[in-house]
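What follows is a single structure, written as structure tokens, with notes after it.
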Amino acid sequence: MQDGKNIIGYDRTRRGSVTFRTINPILNTENDTIFYEATPEEVEQAVTLAHQATHFFGETTHKERAEFLRAIADEIMALGDELITVYCSETGLPEGRAKGERGRTVNQLKLYAGLLDDGSYVEASIDTAKPDRKPIPKEDLRKMMFPLGPVAVFGASNFPLAYSSAGGDTASALAAGCPVIVKGHPMHAGTGNMVSSAIVSAARKSAMPEGVFSHLNSKGHAVGESLVKHPLIKAVGFTGSHGGGRALFNMAAERKEPIPVFAEMGSVNPVVLLPEILKEEKEKWAKTLAGSVTLGSGQFCTNPGIMMGIKGSELDQFSEILANEIMEITPTSMLHPDIAEKYDEGKKMMRAQDGTEVVAEWGEQTQSNTGRQTILKVKASQFRENPKLHQEVFGPFSLLVECVNIEDLERSVALIEGQLTASIIGTADELKGYDFLIGQLRDRVGRLIFNGVPTGVEVCASMQHGGPYPSTTDSRFTAVGEDAIKRWLRPVCFQNCPDALLPVALQNANPLNLLRRVDGSLTHAKI
């Protein structure tokens, strides 16, 4: 049940006077529950509790943390249909999407529980002593990963479950042994409140320390800024706009003790259409891309915001079919009036740029806050000259860039900034002839897709959901999949430490039966 309060450890508080409500974007009306923004004192209490819980939580066993994560998954499912109802009332998204995202959230928690069962994420490495080595004896050196400490997580507007209170950032940080404080997103505060209650219930049942998790309501920027600047916060996870992510990154860098901010800040996810594939499958790819552009009203960080092809009759026909296909899709509600307004402003800005022309645009009247799909087209030469045409328009929008030839295409790709993904669509034979172009795309993305669209992010060990700046603040890490845990860990080396004082993962007997690197070889063996 929602109560509008902040969740601080095992306590629920509402000490402040700043309040807000969420909005039902389909009805364009406020929802009933009043939420209380966290005060500076409540922020301080949450951080203090997280700091106090850090050592105890970091010392819990892999098994104990795995059981905690599975308990969270169970508690979320126990919320039942009420969670789905609240989710839909705050987002305008359909029930099927809500249940699908709940399933993804629960499966993420179970994924990290499985990673803890395996234990290899600690990357235990041992180089045994060689006292007789000449000319210098070799010391005994052992290294493994340890949790950073309290983590601040910012809920994402477009994924109220999978990227918010119990989303991938929270799940991976808890798996690492880091207490988490979530700065809830004001657009889906009720969903966050319910999920956070489930996390606290799981913490109690799993005998986790108070302060291992807190959830703070926030209407404006003050709560988030206080968390990032607090000296006891050791890292930040963020999914949102470039402006928001960069502001947090700068704040963290200016601290007396700078801390990492792992921000995912959006992407235009270019899709390159090679000429031969359009001769054979233009209808298929027009339909597929129309569905990808409009999926979830275009409110995905992997929305294909730019398509690129080589001028000719095949591209012209593809453009016509794409226009027809995208106009067959009924527009849907966007997440919030503010997002719908910014989408309309973004489309207007793009249409005002020299050289752009409309391929397709939904012109019929719709209800408030609906994302009306739009496809524009521009010549590659004008695309290269105008950086505004490279920007993301968050919603069901894409820009088709028409290139004169392959060289023109390569020059255009060269100006694209870092992205989460890029897709290249071509026949098996023609793909072999575009090595340079494929290399260009690879250097600009975290995930390179062949004959597929960017929407849809599988949660697994091999997924890379990150990319070069400005798509993220650190291209070495992913926000999705097992390796997301690496963001919240740091290596510690023990030199000549007595075996009894070593962490269990580094002891000679290998009591956890971990796969460890010992003197350069991976082994489960004892020493």
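So how many residues does the stretch 504-521 have that are in contact with a strand residue (DSSP E or B) (Cβ under 6 Å, 6 or more places away or on another chain) and within 16 Å of GLU59 (Cα to Cα)?
2
Would you mind stating whether GLY456 is assigned to a loop (DSSP other than H, G, I, E, B), in contact (Cβ under 8 Å) with a residue 60 or more places away in the chain, open to solvent by 40 Å² or more (accessible area, probe 1.4 Å) and more than 29 Å from MET251 (Cα to Cα)?
yes
Identify all residues within the stretch 421-443 that are over 23 Å from the mean Cα position of the chain (by Cα) and either basic (Lys, Arg) or on the phi > 0 side of the Ramachandran plot (or both); write none if there are none.
Scanning the stretch 421-443 gives a single hit, LYS432.
Out of the residues in the stretch 34-43 meeting the condition of being touching a residue at least 60 places away in the same chain (Cβ under 8 Å) and out of contact with any Phe, Trp or Tyr (no Cβ under 8 Å at 6 or more places or on another chain), tell me which one is farthest from SER89 (Cα to Cα).
Applying the filter and picking the extreme gives PRO40.
Is it the case that some residue within the stretch 185-195 is under 22 Å from LEU489 (Cβ atoms), open to solvent by less than 10 Å² (accessible area, probe 1.4 Å) and touching a helix residue (DSSP H, G or I) at 6+ places or on another chain (Cβ under 6 Å)?
no
Being open to solvent by 60 Å² or more (accessible area, probe 1.4 Å) and outside any loop (DSSP other than H, G, I, E, B) is the requirement here; does GLU320 meet it?
So GLU320 fits the description; yes.
Out of (1) in contact (Cβ under 8 Å) with a residue 40 or more places away in the chain; (2) part of a helix (DSSP H, G or I); (3) closer than 30 Å to ALA479 by Cα, what's the single condition that is false for LYS388?
Condition not satisfied by LYS388: (1).
Looking only at the stretch 462-493, filter to residues that are more than 15 Å from the chain's Cα centre (by Cα) and aliphatic (A, V, I, L, M); which one of those is least open to solvent (accessible area, probe 1.4 Å)?
Top of the filtered list is LEU489.
Listed residues LEU216, LEU148, LEU174; which is over 15 Å from the mean Cα position of the chain (by Cα), surrounded by fewer than 24 Cβ atoms within 10 Å (Cβ to Cβ), under 24 Å from LYS229 (Cβ atoms) and of a type in the set (A, V, I, L, M, F, W, C)?
Testing whether each residue is over 15 Å from the mean Cα position of the chain (by Cα), surrounded by fewer than 24 Cβ atoms within 10 Å (Cβ to Cβ), under 24 Å from LYS229 (Cβ atoms) and of a type in the set (A, V, I, L, M, F, W, C) leaves just LEU148.
Is at least one residue of the stretch 346-364 modelled with pLDDT under 95, in a loop (DSSP other than H, G, I, E, B) and surrounded by fewer than 18 Cβ atoms within 10 Å (Cβ to Cβ)?
yes
Residues of the stretch 434-471 being among the acidic types (Asp, Glu) and over 23 Å from GLY395 (Cα atoms), which ones?
Selection gives ASP435, ASP443.
Which pairs do you get when a residue that is open to solvent by less than 70 Å² (accessible area, probe 1.4 Å), found in the stretch 233-260, comes within reach of a residue that is part of a loop (DSSP other than H, G, I, E, B) and among the basic types (Lys, Arg), reach meaning Cβ atoms under 7 angstrom, with the pair 6+ apart or on two chains?
Qualifying pairs under 7 Å: ILE259/LYS234.
Cβ-Cβ distance below 7 Å, separation of 6 or more or different chains: which pairs start in the stretch 10-33 with a residue that is closer than 30 Å to VAL212 by Cβ and end on one that is open to solvent by 40 Å² or more (accessible area, probe 1.4 Å) and of a type in the set (Asp, Glu)?
From residues that are closer than 30 Å to VAL212 by Cβ, the pairs are TYR10/GLU210; ARG12/ASP3; ARG15/GLU41; ARG21/GLU30.
Restricting to the stretch 286-306, give me the number of residues that are in contact with a helix residue (DSSP H, G or I) (Cβ under 7 Å, 6 or more places away or on another chain), open to solvent by less than 10 Å² (accessible area, probe 1.4 Å) and not in a loop (DSSP other than H, G, I, E, B).
Count: 4.
Tell me which residues, restricted to the stretch 38-72, are of a type in the set (A, V, I, L, M) and buried (at least 22 other Cβ atoms within 10 Å of the Cβ).
Listed by number, the residues that qualify are ALA38, VAL43, ALA46, VAL47, LEU49, ALA50, ALA53, ALA66, LEU69, ILE72.
In the stretch 95-118, is there at least one residue being touching a Leu at 6+ places or on another chain (Cβ under 6 Å), surrounded by 21 or more Cβ atoms within 10 Å (Cβ to Cβ), among the polar types (S, T, N, Q) and more than 23 Å from VAL212 (Cα to Cα)?
no
Does the stretch 121-140 hold any residues that are more than 14 Å from PRO503 (Cβ to Cβ) and either open to solvent by 50 Å² or more (accessible area, probe 1.4 Å) or touching an Asp or Glu at 6+ places or on another chain (Cβ under 7 Å) (or both), and which are they?
Matches in the stretch 121-140: ASP127, THR128, ALA129, LYS130, PRO131, ASP132, ARG133, LYS134, PRO135, ILE136, PRO137, GLU139.
Search the stretch 218-232 for residues being in contact (Cβ under 8 Å) with a residue 60 or more places away in the chain and not hydrophobic (A, V, I, L, M, F, W, C), and hand back the single one that is nearest to LEU431 (Cα to Cα).
Filtering first and then ranking leaves GLY224.
Here is a yes/no grid of residues against (1) open to solvent by 10 Å² or more (accessible area, probe 1.4 Å); (2) aromatic (Phe, Trp, Tyr):
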| residue | (1), (2) |
| --- | --- |
| GLN373 | no, no |
| ASN386 | yes, no |
| GLU392 | yes, no |
| PHE397 | no, yes |
| GLU402 | yes, no |
| GLU407 | yes, no |
| THR427 | yes, no |
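The values are calculated or read from the model by the stated rules, or taken from the named source; none is laboratory data. Here the structure is a predicted model, which is why all the values come from computation and not from measurement. A quick note on method: Cβ atoms are made from the backbone with ideal geometry, for glycine too, and the neighbour counts reach across all protein chains shown. Each accessible area value is taken on the protein alone, full model and side chains, heavy atoms only, with ligands, DNA and RNA left out. Shrake-Rupley method; radii C 1.70, N 1.55, O 1.52, S 1.80 Å.
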